[in-house]
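Notes follow once the structure below has been shown.
All of the numbers you see were taken from the coordinates with simple rules; none came from a lab. Just so it is clear, the structure is predicted and the values come from calculations on it, not from any experiment. When we count neighbours, we look across all protein chains shown, and the Cβ atoms used for this are built from the backbone with ideal geometry, even at glycine.
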Amino acid sequence: MASHYHITLKIRRYDPENRRSWIQNYHLEAGRILRFVDLFRKINNEQDPTFSWNSSCEHGQCGTCSVKINGKPLLACELLVENAVQYFNTPVFNVEPLEVAPVVRDLVFDLTKAYKRIDQVKPYVISPANPPSDQDEYSISPNEMKQYINATRCINCFCCSSACISSHRNFLGPNAMLASMIRVLDPREKEKAQRLKILYGHRGVYRCHSSRACSFVCPKEIDVAHFVALAKAGRFNDPNNE
Amino acid sequence: MVKKRLERFISHRLDQVPIASVYVKSRGWYFVIAWAHRLCGILMVLFASVHIYTLSFLSTPALYDAKIKFFGLAPFAFLSWMLAIPVIFHALNGGRLILYEMFGSRNDNSMTRWVFSLSIAFVFLQGLLMMLWSRSVSMLFFWLVAATINSSLACIVISKSWKATGSIFWKFHRITGSFLLIMVPAHLMLMHLQPGISQEAAMVIARIQNPFIKWIDLGMLFAMLYHGGYGLISITGDYIESKVLQNGLAALIFLTMAAFGWIGTRLAIMI
């Protein structure tokens, strides 16, 4: 196992002032446990301060550093140099922004626009049920929670949306579907009909073709396709019909 | 042990296939399978269109026989064997998707192994049948068995989807898919049980004149047109953002399918 790697990052740059896009090569000496966000910072510090990228928590919890490395959408803060060289079997990496929203600059895409899709599924309790009369708060039983606890781990990094075979043009996206399903399954939510209308609408679950790329790329290892398949199987029946 | 070694060997070889290997690394095998499913579907819609168009010449048997002779040439015989690949793969993989989406079967790796193993077996069986030139099959019995098995499958899918929430169009796509799952590969196999002879105008006309087979053919025709049409509209809906263009293409696909439906129905009624 090498302690250092000579790696090349072929980064897709974008200059919004001149609306120009190009590929720029950066050659780096990198330690094996450096993450890709560390490489980006190294480029800023040592080679090119104009190169722009996004990150916030840098430990896989916020989803802001998602990029495509050799075509695979992933979190740059989670990918170590050593793992990347082994997985892709090359020290040369093409780095691109996710194409789920317009690119602002280099690897930074417009998160506000990307989040508009999540907003469409109303990721909050629209009409909360009253807590039981003998309790101050609404408690969810472990059995109820078990049905969708995994879906709640989604951090909206948009990797699934980027990988999806249905593209991201007319499909709200696997992560938006998860956000919707969590609230459908949430026993505190009374407004189910409106949710189901969005879930089964023309930008909803039927745009999914079960290519399962969402589950494959999900950094939180959520089996997204499983939840979407549950929705397609009609498991979230309209409470008005029950 | 042998199974694992074989799987490792196959997956290692497949990982080296150009283009596909890039997507296998970046999106996973099921993404590549989903694309293969789409491409096979498109290919089958194209073939079915040519097939219906060719059959429309049955009203003038001499003209039909002249055209069908062309398809009896060696390169076309090879291509017609090759057609078994998209047909059986699309059918079995469609079955896998129905099991995954509607019946909650999550043992996808095992199902995929079955899809590929049975596909390979079917393609070789098809080739063998073409070479054996067997003529001893009773068409009525053949279709009775195929239709009974397939109608049972379709009934299971209908009963599963009937009360579930969701789009009736999507459910009907799955129902027609389950109806075609055995019927289309069976149709392909039957044609090759009696190559040349079974495709002559007199034979085809005699076959369609049987009321049972006539209904089978019409059922297949409409199931295929709906299934293929929905699939094509669904693909255009994935990639075309403009609502006007999307609706325009959907209308065009609908009209094309309706035209083929009309040609096929007229043929079945006339004969």
Inset, instruction - Using a cut-off of under 16 Å, list every residue of the range A:33-69 whose amide N is near the label point 7 Å from the Cα of A:Asp15 along the Cα-to-beta-carbon line. - result: A:48-52
Inset, instruction - With label points built 7 Å along Cα→Cβ from the Cα atoms of B:Glu241 and A:Asn143, find their separation and express it in nm. - result: 4.7
Inset, instruction - Just need the relative contact order of chain B here, percent rounded to a whole number, with Cα pairs under 8 Å and 6+ apart. - result: 22
Legend entry - the protein assembly as shown: radius of gyration over Cα atoms, expressed as a fraction of 2.2 N^0.38 Å: 1.13
Inset, instruction - Would you please put B:47-55, B:60-68 in order of how densely packed they are, using the mean number of other Cβ atoms within 10 angstrom per residue and starting with the highest? - result: B:47-55, B:60-68
Legend entry - Inter-chain shielding of B:95-105 (mean C-beta neighbours from other protein chains, 10 Å cut-off): 3
Legend entry - Members of A:Lys68/A:Lys190; A:Lys197/B:Lys243; A:Lys42/A:Lys116 lying beyond 29 Å, as alpha-carbon distances in this model show: A:Lys68/A:Lys190; A:Lys42/A:Lys116
Inset, instruction - Please report, in debye to the nearest 20, how large the charge dipole of the range A:20-82 is about its Cα centre when each Lys and Arg carries +1 at its beta carbon and each Asp and Glu carries -1 there. - result: 220
Legend entry - Average other protein chain Cβ within 10 Å of Cβ, residues A:228-236: 6
Inset, instruction - First measure r as the distance between the Cβ atoms of B:Trp215 and A:Thr90, then evaluate 1/(1 + (r/R0)^6) with R0 = 51 Å and state the FRET efficiency to the nearest 0.05. - result: 0.30
Inset, instruction - Would you work out which of B:Tyr100, B:Val32, B:Thr54 lies farthest towards the positive end of the dipole of the range B:25-111, given +1 charges on the beta-carbon of Lys and Arg and -1 on that of Asp and Glu, about the Cα centre? - result: B:Val32
Inset, instruction - With a 10 Å radius around each residue's Cβ, average the other Cβ atoms per peptide and rank B:145-155, A:90-100, highest first. - result: A:90-100, B:145-155
Inset, instruction - With label points built 7 Å along Cα→Cβ from the Cα atoms of B:Phe76 and A:Trp22, find their separation and express it in nm. - result: 5.6
Inset, instruction - For the range B:199-271 and the range A:138-176, compute the distance between their C-alpha centroids and round to whole Å. - result: 37
Inset, instruction - Take the Cα atoms of the range A:4-109, build their convex hull, and give its volume per residue in Å³. - result: 92
Legend entry - Proximal aspartates and glutamates relative to A:Lys122, as straight alpha-carbon distance under 18 Å, when same-chain residues fewer than 8 apart are discounted: A:Asp186, A:Glu189, A:Glu191, A:Asp238
Legend entry - Average Cα contact separation per residue, the range B:112-271, under 8 Å, 6 or more apart, as relative contact order %: 24
Legend entry - Binned Cα-Cα distance frequencies in the range A:111-241 - 10 Å width, integer %: 13, 45, 32, 9, 1
Inset, instruction - With a bin width of 5 angstrom, please list the P(r) values of chain A as percents of all Cα-Cα pairs, from the 0 bin to the one holding the largest distance. - result: 1, 6, 13, 16, 16, 13, 11, 8, 6, 5, 3, 1, 0, 0
Inset, instruction - In whole Hz, with x marking every Gly and Pro, tabulate ³J(HN,Hα) for the range B:35-41 from phi via Karplus 6.51 cos²θ - 1.76 cosθ + 1.60, θ = phi - 60°. - result: 5, 4, 4, 4, 5, 5, x
Inset, instruction - With a point put 7 Å past each Cα toward its Cβ, work out how far A:Ser133 is from B:Tyr53 in nm, to one decimal. - result: 7.4
Inset, instruction - Would you mind giving the mean number of other chain beta-carbons within 10 Å of the Cβ of each residue in B:227-237, as a whole number? - result: 2
